[in-house]
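Student: Dropping the structure in here first, questions after.
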Amino acid sequence: MEIIQKKNSTKHTFTFEKEHFNFAYEDKTGSGDTDFNYADFPQKSSIQIEQNEWLRNVGYLWCALGIFQFGYAIYSGAPLSGKSFWIVIGLACVAWAFFSTIKYSVYKSERGNIFVIQDKNHGKILEELNGRRKAQLVDWYADINPENELENEIGKFNWLVEQGVLTKEESEDKISQAKLMSADNYILPGERLN
């Protein structure tokens with residue numbers, strides 16, 4: 001499965017494989033791609049806004065120049081024809097800067113940052129990543145490991161609750177099972193296995 005996001009010269013491609021996903025990007029600064037395990041997809045994000053501040057500021061400057069020209073023409077009684085030219089140009093630049101703005105949700109991980117453009121596919125991408133993340137964490141960690149220390153198993157199941165993978169009730173059930181298994185494997189001093 002593949003989802004492509006594109007805005008202006010920026011293109012992001014999310015390729016969903018069975019065990020991992022690939023995040024590829026292309027923009028005016030370059031291109032690259034990285035593979036991530038679903039389990040490593042972070043839950044916290046920040047927002048980054050990319051906009052052409054120079055164009056916006058020039059637009060504001062031209063608007064101010066046009067307003068000054070227009071006001072001065074009214075004050076001096078000069079004809080108003082052609083005096084709104086700089087206002088129109090300035091507003092066009094401000095509008096262009098606004099509509100070319102790109103807003104990202106940024107997820108920082110050890111292997112690199114994952115940028116998801118806030119567009120019509122934003123929710124679909126996050127739903128897919130979070131669903132597959134949960135499934136992978138369940139597959140990797142939700143079973144009781146009888147060879148693991150009981151304390152580690154309890155910590156693991158509590159961590160899975162924090163990650164939103166197990167409910168508190170599911171975690172408590174797993175911990176109870178782990179305690180029973182641990183008690184069954186416990187040998188009192190002086191006892192021998194038959």
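The values are calculated or read from the model by the stated rules, or taken from the named source; none is laboratory data. No experiment lies behind these values; they were computed from the predicted model shown. A quick note on method: Cβ atoms are made from the backbone with ideal geometry, for glycine too, and the neighbour counts reach across all protein chains shown.
Student: Just name the residue that is farthest from Q43 (Cα to Cα) out of those in the stretch 153-185 that are assigned to a helix (DSSP H, G or I) and among the polar types (S, T, N, Q). So that I can check it myself, show each step before the final result.
Tutor: We begin by selecting, within the stretch 153-185, every residue assigned to a helix (DSSP H, G or I); these are 153-162, 168-185.
Still in the list and also among the polar types (S, T, N, Q): 158, 171, 176-177, 182, 185.
On the way: N158: 16, S171: 20, S176: 28, Q177: 29, S182: 32, N185: 37 Å.
So, considering only residues that are assigned to a helix (DSSP H, G or I) and among the polar types (S, T, N, Q), the one farthest from Q43 (Cα to Cα) is N185.
Student: Please indicate, with yes or no, whether at least one residue in the stretch 82-105 is under 30 Å from Y141 (Cα atoms), under 16 Å from the mean Cα position of the chain (by Cα) and either outside the structural domain of V165 (by TED's automatic domain parsing) or surrounded by 14 or more Cβ atoms within 10 Å (Cβ to Cβ) (or both).
Tutor: The initial filter retains those residues of the stretch 82-105 that are under 30 Å from Y141 (Cα atoms), namely 105.
Of the ones still in play, those that are also under 16 Å from the mean Cα position of the chain (by Cα) are 105.
In the following step, the residues that additionally are either outside the structural domain of V165 (by TED's automatic domain parsing) or surrounded by 14 or more Cβ atoms within 10 Å (Cβ to Cβ) (or both) were identified as 105.
Yes; the residues of the stretch 82-105 include at least one that is under 30 Å from Y141 (Cα atoms), under 16 Å from the mean Cα position of the chain (by Cα) and either outside the structural domain of V165 (by TED's automatic domain parsing) or surrounded by 14 or more Cβ atoms within 10 Å (Cβ to Cβ) (or both).
Student: Taking D35 as the residue in question, decide whether it is out of contact with any helix residue (DSSP H, G or I) (no Cβ under 9 Å at 6 or more places or on another chain), farther than 21 Å from D119 by Cβ and in contact (Cβ under 8 Å) with a residue 12 or more places away in the chain.
Tutor: yes
Student: OK, next. Could you check, for the stretch 98-118, whether at least one of its residues is assigned to a helix (DSSP H, G or I) and either among the aliphatic types (A, V, I, L, M) or in contact (Cβ under 8 Å) with a residue 40 or more places away in the chain (or both)? Lay out the reasoning, then the answer.
Tutor: Start the filter on the stretch 98-118 by keeping residues that are assigned to a helix (DSSP H, G or I), which leaves 98-99.
Next cut, either among the aliphatic types (A, V, I, L, M) or in contact (Cβ under 8 Å) with a residue 40 or more places away in the chain (or both) only: 98.
Yes: one or more hits.
Every residue, every condition in (1) out of contact with any Cys (no Cβ under 6 Å at 6 or more places or on another chain); (2) among the polar types (S, T, N, Q); (3) not in a helix (DSSP H, G or I), yes or no:
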residue	(1), (2), (3)
K11	yes, no, yes
T15	yes, yes, yes
P42	yes, no, yes
Y60	yes, no, no
Y75	yes, no, no
P79	yes, no, yes
K83	yes, no, yes
I87	no, no, no
G90	no, no, no
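Student: Can you find a residue that is modelled with pLDDT under 90, of a type in the set (A, V, I, L, M), surrounded by fewer than 12 Cβ atoms within 10 Å (Cβ to Cβ) and more than 29 Å from the chain's Cα centre (by Cα) anywhere in the stretch 53-74?
Tutor: Looking through the stretch 53-74, at least one residue is modelled with pLDDT under 90, of a type in the set (A, V, I, L, M), surrounded by fewer than 12 Cβ atoms within 10 Å (Cβ to Cβ) and more than 29 Å from the chain's Cα centre (by Cα).
Student: I would also like to ask the following. Just checking, does the stretch 122-134 include any residue being surrounded by 12 or more Cβ atoms within 10 Å (Cβ to Cβ), touching a Phe, Trp or Tyr at 6+ places or on another chain (Cβ under 7 Å) and basic (K, R)?
Tutor: Yes, the stretch 122-134 contains a residue that is surrounded by 12 or more Cβ atoms within 10 Å (Cβ to Cβ), touching a Phe, Trp or Tyr at 6+ places or on another chain (Cβ under 7 Å) and basic (K, R).
Student: Right, next: Determine, yes or no, whether L91 is closer than 28 Å to I49 by Cβ and without any contact (Cβ under 8 Å) to a residue 24 or more places away in the chain.
Tutor: Values: closer than 28 Å to I49 by Cβ: yes; without any contact (Cβ under 8 Å) to a residue 24 or more places away in the chain: no.
Against the criterion (closer than 28 Å to I49 by Cβ and without any contact (Cβ under 8 Å) to a residue 24 or more places away in the chain), L91 does not qualify.
Student: Go through the stretch 119-129 and give me each residue that's among the acidic types (D, E) and in a loop (DSSP other than H, G, I, E, B).
Tutor: If the condition is that a residue be among the acidic types (D, E) and in a loop (DSSP other than H, G, I, E, B), then D119 is the only one that fits.
Student: Follow-up. Can you name every residue in the stretch 1-44 that is basic (K, R) and surrounded by 14 or more Cβ atoms within 10 Å (Cβ to Cβ)? Can you show your working first?
Tutor: First, the residues of the stretch 1-44 that are basic (K, R): 6-7, 11, 18, 28, 44.
K7, K11, listed by residue number.
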